[in-house]
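Below: one structure, written as structure tokens.
What follows is calculated from the coordinates using simple rules that are stated; it is not laboratory data. These figures come from a predicted structure and were not determined experimentally. Glycine also receives a Cβ, built like all others from the backbone with ideal geometry; neighbour counts cover every protein chain displayed.
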Amino acid sequence: MSRDEIKDVLLEIIADIDEEADFASLDADAPLRDQLDLDSMDFLDIVMELRKRYKLQIPEDEYPQLATLTSCVNYLEPKLQNV
Amino acid sequence: MPYLPDNQRIVITGVGLTAPGAANLAEFRANLLAGVSGIATIDLRYMGVHPAGICRFAETRYRKKRENSRGTRAGCIGVYCANEALADAGIDFSTYDRAATGVYIGLTEHGTVETENEVYNIGQYGYDVNYWTHHHNPRTVLNNPAGEITMNLGITGPHYSIGAACAAGNAALIQGMQMLRLGEVELALCGGVSECVGSFGIFASFRAQGALAEHEEPTRASRPFDRDRNGIVISEGGCVFTLERLDRALARGAAIYGELTGYAMNSDARDFVLPYGPRQQQCMEAALARAGLQPADITIVNTHATGTRQGDVEECTALRATFAGCANTWINNTKSSIGHAMGAAGVLELAGNLPSFTDNRVHPTINLDNLDPECALPGLVANTPKQLDRVDAILNNSFGMLGINSVVIVERFVAD
């Protein structure tokens, strides 16, 4: 998957969690939870959805790498390169 | 009723409900008087198509879709009913402190639907428990529906569930009444909810027991007291009442549906599933004694009867003994119209009869085509409503598995 495709997947997963999520002014380099109405359970929903879609097992100690949209894409790009 | 000061008299001031075919009390009452069944069918995983009572209501009127997705169906029903009850009562928490408000919700069971769904979900992933949802525990803790109500309304007083099989709605009402009398809370939101139409296991268990109703026309499947009854129609639903002390209700000029004057609960101490009429009779007699009433003082008896062969006969035997010679006591059944809403049954059925204090009508038991002679009670109101001059007292029966019996008596409110 390309970086743009990974970004689109992430935004789609977040939109499924919160249909009112506003991505228009989203800063890709700022923490997602500071900008969107997401809490820890929503964050776990994102991790679970990635697991279901791509069989990705993300270790808990690597969760901080999913803080921003850009860091998510950086983290996922090598893991999804063959998807 | 024995004398009580106004701060010990408990009144119903608001009703919020959703039942099969109705999303508020006015719709519900109209259906019951018209003999309209709310039963349709459900196509359930592993079970196929069966008669069932499904509720349609404004699920996003009081909270967002994402909160409904995160929570449970029981929570969604509870939040709707609690908000509707408060709106009906005209309570906006300027009169009552949220910290002095209690939420008591009756449940027959909880967590069955969520657990079945999650087992099915991991079945799609080779039963790898890494796919088990992190939402499972908050969804299945037994305080879930009551807790979802407090989160939605910002209520910081006590909340918990009352687990009492199919007597749970009445049991929650009794709990709210007691907490008000004890001074533990100033306002009680109490009632019952059920989401059990989502559980194949509940359908399968009733079927295995020979107690799941079947009929080619779903609206005719729930038929207590009829010779051709063949079991229970499972329904979802919810009903929440606002209960207040009379002095506070009068002070704020609340409209009063009725006064809770009698209640009783007891246990058969005999069998896991079979009901026991003599203990039901003792329960009714205890509730009457607490209210200071004679059987003949009761205008309407709303029966628990679910449409099972033995259950209906046991209750009729108890009623025949308790109300012998009561020429102005009328008997009806609400499950014939809405099926068995389990934890919500007692309160929904009481709610459906409360308007009798104003319209003086007794809603009928429907689908009574061939009365079972063993259920031929004098005063049974069959298929068409009964118009009376005046309704003074309603006795509401609600019984459940493991031999749990509950009776609540509500009287027309009469100011001193």
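Does chain A come out rounded, prolate or oblate by the C-alpha gyration tensor, with a ≥ b ≥ c the root eigenvalues, rounded set by a/c under 1.5 and, if not, prolate when a/b is larger than b/c and oblate if not?
Judged from the Cα gyration tensor, chain A comes out rounded (a/c under 1.5).
By a straight-distance test (C-alpha under 27 Å), which lysines pair with residue B:335 as possible cross-link partners, with residues fewer than eight away in the same chain excluded?
B:386
Counting Lys and Arg as +1 and Asp and Glu as -1, each charge on the Cβ, what is the dipole of chain B about the Cα centre in debye, to the nearest 20?
It comes to approximately 360 debye.
Within the protein assembly as shown, what percent of beta bridges assigned by DSSP are antiparallel, to the nearest 5?
65
Separation between the residue B:216 and residue B:100 pseudo-spin-labels, each 7 Å from Cα along Cα→Cβ, expressed in nm?
6.1
Return A:48, B:342 ranked ascending by Cβ neighbour count within 10 Å, so the fewest neighbours appear first.
Lowest count first: A:48, B:342.
Looking only at the range B:155-253, where both bridge partners belong to it, what percent of the DSSP beta bridges are antiparallel (to the nearest 5)?
Of those bridges, close to 90 percent are antiparallel.
Cut-off is 10 Å between beta-carbons; in what order do B:330, B:132 appear when sorted fewest neighbours first?
B:132, B:330
Given charges of +1 on the Cβ of Lys and Arg and -1 on the Cβ of Asp and Glu, with all other atoms neutral, how large is the dipole of the range B:97-196 about its Cα centre, in debye to the nearest 20?
260
Report the antiparallel proportion of the DSSP beta bridges in chain B as a percent, rounded to a multiple of 5.
DSSP beta bridges in chain B are roughly 65 percent antiparallel.
Starting from 0.36 nm per residue, how many nanometres of slack lie between residue B:390 and residue B:87 once their C-alpha separation is accounted for?
106.3 nm
Please work out whether chain B counts as rounded, prolate or oblate from its C-alpha gyration tensor, where a ≥ b ≥ c are the square roots of the eigenvalues and a/c under 1.5 means rounded, while otherwise a/b larger than b/c means prolate and anything else oblate?
oblate
Estimate the FRET efficiency between residue B:182 and residue B:125 by the formula 1/(1 + (r/R0)^6), using the beta-carbon distance for r and 45 Å for R0, to the nearest 0.05.
0.35
Given a Förster distance of 56 Å, report the FRET efficiency between residue B:369 and residue A:29 from their Cβ-Cβ distance, rounded to the nearest 0.05.
Efficiency, rounded to the nearest 0.05: 0.20.
Listing B:228, B:92 from the residue with the fewest other Cβ atoms within 10 Å to the one with the most, what is the order?
Ascending Cβ contact count within 10 Å gives the list B:92, B:228.
Which lysines does residue A:79 reach when only Cα atoms under 29 Å apart count, and residues fewer than 8 places away in its own chain are ignored?
Correct list for residue A:79: A:7, A:52, A:55.
What is the magnitude of the charge dipole of the range B:265-416 about its Cα centre, with +1 placed on the Cβ of each Lys and Arg, -1 on the Cβ of each Asp and Glu, and no other charges, expressed in debye to the nearest 20?
Once rounded to the nearest 20, the dipole reads 80 debye.
Go through B:19, B:48, B:34 and say which Cα lies farthest out towards the positive end of the charge dipole of the range B:1-101; charges sit on Cβ, +1 for Lys and Arg, -1 for Asp and Glu.
So the residue we want is B:48.
Positive end of the charge dipole of the protein assembly as shown (Lys, Arg +1 and Asp, Glu -1 on Cβ, about the Cα centre): tell me which of B:69, B:110, B:147 has its Cα farthest that way.
The residue sitting most towards the positive pole is B:110.
Take residue A:79 and residue B:358, extend 7 Å from each Cα along the Cα→Cβ direction, and tell me the distance between the two endpoints in nm.
Each label point is offset 7 Å from its Cα along the Cβ direction, giving 5.9 nm.
Per DSSP H run of at least 4 residues, take -39500 (n - 2.57); add these up for chain B, divide by its residues and hand me the 222 nm value, nearest 500 deg cm²/dmol.
After summing the helix terms and dividing by the residues of chain B, the value is -9500 deg cm²/dmol.
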